[in-house]
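Encoded as structure tokens, the structure appears first; notes follow it.
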Amino acid sequence: MSTRGSESKSQFAHRWIREQIAAGVFGPGYRLVLSSLASELSMSVVPVREAVRALTAEGLVTFERNVGARVAAVDGAQYRFAMQTISILEGAATAFAAPFLNSNDIAQARKLNNIVRSGLPDLDPRIFREVNQELHHILYVKCPNPRLLETIEAQWRRIGHLGGSLHALAPGRAATVVAEHEALIDLVESGVSAADIEHAARRHRTGSLNADLAARHPELDTCGLTLREGA
């Protein structure tokens with residue numbers, strides 16, 4: 001169990017429950033029984049209730065009268081909306097962060113991309129997802145706008161607990177992702193305009209989203225609500 005440190009009981013409970021959701025221990029639909037959680041955390045129900053309320057406000061938990069609190073389920077449409085938001089915001093954050101990246105950041109991003117490249121075509125989708133997220137995080141985390149970073153992380157938290165159910169790589173997309181990563185890293189390293197970096201980063205995320213939706217939710221393509229490449 002994570003250490004509490006200087007956190008209040010409600011803050012600790014909030015972080016601990018969120019970690020269980022992110023790790024898939026508490027999957028979509030999992031019922032959060034306050035008394036059981038309080039016992040697990042060796043605290044009263046009050047801070048646990050406060051933590052669950054905060055998680056509800058974040059969209060990670062839903063509450064129904066006579067049912068109680070459950071880990072939120074995310075359907076295809078909600079996933080699409082979250083990823084559309086991430087595509088736009090990560091593109092901007094990557095552009096803002098680019099001037100602050102150093103040679104070590106670039107080298108680490110290339111190393112992660114090579115991990116994916118060397119694992120093709122049999123790379124475990126879960127490993128791909130983790131490496132992919134770490135690579136993008138390196139490219140945007142030095143964005144000097146903290147509100148932008150907070151919003152991106154909040155969107156990932158809303159869908160991160162889905163694990164492989166919606167994040168597995170669409171068929172045939174892996175090699176394209178590696179090439180797009182390499183091109184994006186080259187742009188960042190070369191010092192091109194922020195507009196060019198933002199466009200490339202957004203186009204990359206959009207391509208992955210549209211490929212995933214086409215494979216898993218083809219009916220959504222007829223709604224005209226997916227981002228178009230180059231948008």
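The values are calculated or read from the model by the stated rules, or taken from the named source; none is laboratory data. Nothing here was measured: the structure is a model prediction, and the numbers come from that model. Counting neighbours? That spans all protein chains shown, and the Cβs are built from the backbone with ideal geometry, glycine included.
Is segment 86-94 home to any residue that is surrounded by fewer than 19 Cβ atoms within 10 Å (Cβ to Cβ), modelled with pLDDT of 90 or more and in a helix (DSSP H, G or I)?
yes
Quick check on this structure: which one of Gly160, Gly191 is exposed (fewer than 14 other Cβ atoms within 10 Å of the Cβ), out of contact with any Lys or Arg (no Cβ under 7 Å at 6 or more places or on another chain) and either modelled with pLDDT under 80 or small (Gly, Ala, Ser) (or both)?
Step by step, each of Gly160, Gly191 is checked, and only Gly191 is exposed (fewer than 14 other Cβ atoms within 10 Å of the Cβ), out of contact with any Lys or Arg (no Cβ under 7 Å at 6 or more places or on another chain) and either modelled with pLDDT under 80 or small (Gly, Ala, Ser) (or both).
Show the residue pairs meeting these rules: Cβ distance below 6 Å; 6+ apart or different chains; first residue within segment 119-147 and of a type outside the set (Lys, Arg); second residue part of a loop (DSSP other than H, G, I, E, B) and crowded, with 16+ Cβ neighbours inside 10 Å.
Short answer, once both residue conditions are applied: Pro125/Ala168; Pro125/Leu169; Phe128/Leu169.
What are the residues in segment 10-68 that are in a loop (DSSP other than H, G, I, E, B) and on the phi > 0 side of the Ramachandran plot, if any?
Passing the criteria: Gly24, Gly29, Ser42, Gly59, Asn66.
Please state which of the following conditions Arg53 fails to meet, knowing it meets all the rest: (1) surrounded by fewer than 21 Cβ atoms within 10 Å (Cβ to Cβ); (2) under 25 Å from Glu180 (Cα atoms); (3) of a type outside the set (A, V, I, L, M, F, W, C).
Condition (2) is where Arg53 drops out.
Give me the residue from segment 138-157 that is of a type in the set (S, T, N, Q) and either under 12 Å from Thr85 (Cα atoms) or surrounded by 19 or more Cβ atoms within 10 Å (Cβ to Cβ) (or both) and, out of that set, modelled with the highest pLDDT.
Thr151
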